[in-house]
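Here is the structure we will look at, set down as structure tokens.
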Amino acid sequence: GVTRLLLTRIPFFKEIIVSSFSCDSCSWSNTEIQSAGRIQEQGVRYALAVTSRQDMNREVVKTDCATARIPELDFEIPAFSQKGVLTTIEGIIDRAVAGLEQDQPVRRATDGEVARKIDEFIGKLRQLKEVNSPFTFILDDPSGNSFVENPHAPRRDDALVVTHYRRTPQQAAVLGLEVDAKPPDAAEDLRDEVLQFNTNCPECNAPANTNMKVVQIPHFKEVIIMATNCDSCGHRTNEVKSGGAIEPQGTRITLRITDPSDMTRDILKSETCSVEIPELEFELGMGALGGKFTTLEGLLKDIRDLVERNPFTLGDSSTPSRTGKLQEFIGKLQEVNGKSKAHFVMDDPAGNSYLQNVYAPEEDPELRVERYERTFEQNEDLGLNDMKTEGYEPEGASGR
């Protein structure tokens with residue numbers, strides 16, 4: 001079959017998506033509608049007094065979460081029992097009749113009494129289409145996206161009562177909306193905000209702004225990224241801080257660089273992490289370059305810039321022999337881009353560094369992550385040996 005989609009706008013209402021399906025083999029057809037907008041701030045309830053045949057032709061948008069009722073017959077179409085539809089009031093009654101008649105042959109064979117009562121009720125529904133006596137049609141939609149036509153629009157319709165109401169927590173839960181058990185606290189969750197505070201540029205000391213953002217790294221943890229931009233001298237810098245505690249164990253991450261695509265892997269290097277490339281006999285100590293959230297290519301570029309900007313290595317104070325060795329090292333470092341295979345090792349005693357696993361959540365054959373127990377010296381460097389977080393209050397009280 002063929003499904004056709006149409007984005008249209010209902011006058012004095014909103015945009016909707018009409019979906020129409022037709023099958024050339026069996027001639028079966030079906031139409032559905034979906035709201036093209038978001039869930040409204042309030043629910044809506046339409047109450048229409050049907051008094052004439054013209055009222056049966058009023059257009060109705062009934063979403064799948066709307067409830068339709070006719071109190072005179074004690075009849076109700078529950079929410080989520082039908083797909084959304086663009087039809088008329090007569091069409092809603094016809095769909096209800098078709099739904100009730102669908103299993104009648106089986107009922108007549110198994111339970112004749114129930115089938116007889118349903119036949120009587122179907123007869124009452126069909127009599128409504130003749131409008132021999134007035135009845136009330138009520139459409140209640142907690143999402144606010146249903147609609148009953150007002151043929152007198154933009155003037156008021158005396159037969160139609162439209163009521164907007166605030167959703168209950170139960171209705172919001174049915175719609176999949178989050179319900180806050182307590183009032184939102186602006187200072188409680190800052191994950192979706194970029195905080196900005198004033199500081200001075202580290203290069204020219206001019207007033208500058210530092211932006212700070214909490215970021216969740218997939219399959220890792222939260223980190224805090226801080227970026228400083230100076231409008232006076234153009235200096236730009238960024239730094240990354242761990243958003244969590246020091247891990248119980250240290251982490252040693254080893255990546256075997258085999259392909260140029262490895263250079264695009266995301267890297268979080270904390271300020272306590274050291275970097276090593278055994279093939280180049282290179283090691284970057286803890287604290288160098290600070291915390292960084294970048295790619296492998298970006299980190300290697302920062303290492304190269306760190307070597308080139310050092311006046312004691314490639315400046316006027318350097319010796320020719322040292323300059324030659326460092327130039328050779330920089331050349332080898334530039335070749336580490338997947339063409340020349342090498343191992344990239346990150347050793348973080350605090351366990352707060354990260355190297356992207358492109359196969360996550362599966363294991364990466366080129367990446368090895370080892371957990372180890374910290375030595376006394378490593379705990380001393382992190383300040384953990386003298387840190388006491390439990391049992392200090394009673395001692396303080398007894399000391400006084």
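Worth a mention:
- Segment 283-309, subset modelled with pLDDT under 80 and more than 28 Å from Gln378 (Cα to Cα), residue surrounded by the most Cβ atoms within 10 Å (Cβ to Cβ): Glu308
- Any chance Arg95 is modelled with pLDDT of 85 or more, open to solvent by 10 Å² or more (accessible area, probe 1.4 Å), in a strand (DSSP E or B) and not polar (S, T, N, Q): no
- Meets criteria (farther than 30 Å from Gln171 by Cα, out of contact with any His (no Cβ under 9 Å at 6 or more places or on another chain) and open to solvent by 40 Å² or more (accessible area, probe 1.4 Å)) for Val114: yes
- Residue count for segment 194-251, restricted to those that are in a loop (DSSP other than H, G, I, E, B), touching a Ser or Thr at 6+ places or on another chain (Cβ under 6 Å) and open to solvent by 50 Å² or more (accessible area, probe 1.4 Å): 1
- Taking the criterion of being closer than 28 Å to Asn385 by Cβ and not charged (D, E, K, R), the residues of segment 255-283 that qualify are Leu268, Ser270, Thr272, Cys273, Ser274, Val275.
- One residue alone among Ser274, Ser270, Ser261 is small (Gly, Ala, Ser), touching a Ser or Thr at 6+ places or on another chain (Cβ under 6 Å) and touching a residue at least 60 places away in the same chain (Cβ under 8 Å), and that residue is Ser270.
- Of all residues in segment 1-10, exactly one satisfies the criterion of being open to solvent by 90 Å² or more (accessible area, probe 1.4 Å) and at pLDDT below 75, namely Arg9.
- Residue, surrounded by the fewest Cβ atoms within 10 Å (Cβ to Cβ), within segment 20-50, restricted to residues that are modelled with pLDDT of 85 or more, over 22 Å from Thr67 (Cβ atoms) and in contact with a Ser or Thr (Cβ under 8 Å, 6 or more places away or on another chain): Cys23
- If only residues of segment 134-165 that are assigned to a loop (DSSP other than H, G, I, E, B) and either aliphatic (A, V, I, L, M) or within 26 Å of the chain's Cα centre (by Cα) (or both) are counted, the one that is modelled with the lowest pLDDT is Ala153.
- Flag for Lys62 being in the same structural domain as Val148 (by the TED database), modelled with pLDDT under 90 and surrounded by 17 or more Cβ atoms within 10 Å (Cβ to Cβ): yes
- Test for Lys339: is it open to solvent by 30 Å² or more (accessible area, probe 1.4 Å), at pLDDT below 80, in a helix (DSSP H, G or I) and of a type in the set (Lys, Arg): no
The values are calculated or read from the model by the stated rules, or taken from the named source; none is laboratory data. Remember, predicted model here, so these are calculated numbers, not experimental data. Note that each Cβ is placed from the backbone with ideal geometry, even for glycine, and that neighbours are counted across all protein chains shown. What goes into the accessible areas is simple: the full protein's heavy atoms, side chains included, and nothing from ligands, DNA or RNA. Shrake-Rupley method; radii C 1.70, N 1.55, O 1.52, S 1.80 Å.
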